[in-house]
Amino acid sequence: MAKETLTAEETRDMMIAVADAIIKAEPILTDADRALGDGDHGIGMERGMNAVKEKLEGQDFPNPGKVFMTMGMAMMSSMGGASGAVFGTLFRAGGKAIKGSDTLGGAECATFWREAAEGVMERGGAKPGDKTMVDALVPAAEAAEGASGGAAEILAAAAEGAESGKTASEDMIATMGRAKTLGEKSLGKPDAGAVSVSIITATMRDFAAG
Ligand SMILES: [Mg+2]
């Protein structure tokens, strides 16, 4: 059954599912980064998500925000590099914004994605159109804010926004991030970080959909 709200425990289980999905997608992420960058994104994300699982599995959390913040810290301290900083910031900034809430409902999901996008843009300096993860993250946040309903509906909207943003990033010429030196040669492929964001949002959607 579709979830209107998630408890801290359900949020933890959802993010363990996200970690498993990213670990499974390592070859896809490696290929995506190899096409436009140095190919290290898949391995980096896999390492980060293994650290996330170590911190989340079997642990109790006081609220959903703390689950996301713990996830972000685990990624920052285990991944290193630009991806560790920006993906760690995504979860930490989003989680911090909702740490006063005992459950993850529709409003908290929208706040999470908005603050995650703001935090990543502030931390990494990329704007929409630069062909980075921001091009999946900002449409996810906008779709989440524009939707109404409980957690399942908002997370579904975010996933749809991320998917269309990832696809749109194929037609962008990189001006920041992994592919900025490629210029027009970056056309036709999505940004690897945007692919990661689409996998993360799709897994959260599927978990909340029950
Ligand atoms: Mg790379």
One would report the Cα pair-distance distribution of region 8-209, bin width 10 Å, in %, as 11, 40, 38, 11, 1
Relative to the chain, whose Cα atoms define the longest principal axis, helix 106-124 and its Cα axis are tilted in degrees, nearest 10, by 40
Per its Cα gyration tensor (rounded if a/c is under 1.5, else prolate when a/b beats b/c, else oblate), region 1-85 is best filed as prolate
Neighbours of M76 by Cβ distance under 11 Å: Lys/Arg at +1, Asp/Glu at -1, summed charge +2
Along region 187-197, Karplus-curve 3J(HN,Hα) (6.51, -1.76, 1.60; θ = phi - 60°) to the nearest Hz, with x for Gly and Pro, reads 5, x, 10, x, 5, 4, x, 5, 5, 4, 4
In region 33-130 the accessible area split gives carbon plus sulfur, as whole percent at 1.4 Å, a share of 45
Computed from the beta carbon distance with a Förster radius of 41 Å, FRET efficiency for K99 and N50 to the nearest 0.05 stands at 0.95
Using alpha carbon centers only, region 150-164 is separated from region 29-78 by a whole-angstrom value of 21
G65 neighbourhood, Cβ < 9 Å, K/R = +1, D/E = -1, net charge +2
Among D38, D135, D20, the residue with the largest mean-square fluctuation in a Gaussian network model of the chain built from Cα contacts under 10 Å is D38
Rounded to the nearest 10 degrees, the helix 41-56 long axis (Cα) sits at an angle to the longest Cα principal axis of the chain of 10
With -39,500 (n - 2.57) per DSSP H segment of 4 or more residues and division by the full residue count of the chain, the 222 nm estimate, nearest 500 deg cm²/dmol, is -23000 deg cm²/dmol
With region 109-172 reduced to its Cα atoms and the Debye formula applied, log10 I(q)/I(0) at q = 0.24 1/Å amounts to -0.90
Residue by residue through region 142-159, the couplings from Karplus 6.51 cos²θ - 1.76 cosθ + 1.60 with θ = phi - 60°, in Hz, x for Gly and Pro, are 5, 5, 5, 5, x, 8, 10, x, x, 4, 4, 5, 5, 5, 5, 5, 4, 5
Regression test value, accessible area per residue of region 8-209, probe 1.4 Å, units Å², expected 41
So, over other residues within a Cβ distance under 13 Å of S198, counting Lys, Arg +1 and Asp, Glu -1, the net charge is -4
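The values are calculated or read from the model by the stated rules, or taken from the named source; none is laboratory data. Fair warning: this is a prediction, and the values are worked out from it, not measured in the lab. Cβ sites come from the backbone with ideal geometry, for glycine too, and all protein chains shown count toward neighbours. These accessible areas exclude ligands, DNA and RNA; they are computed on the full protein's heavy atoms, side chains included. Shrake-Rupley method; radii C 1.70, N 1.55, O 1.52, S 1.80 Å.
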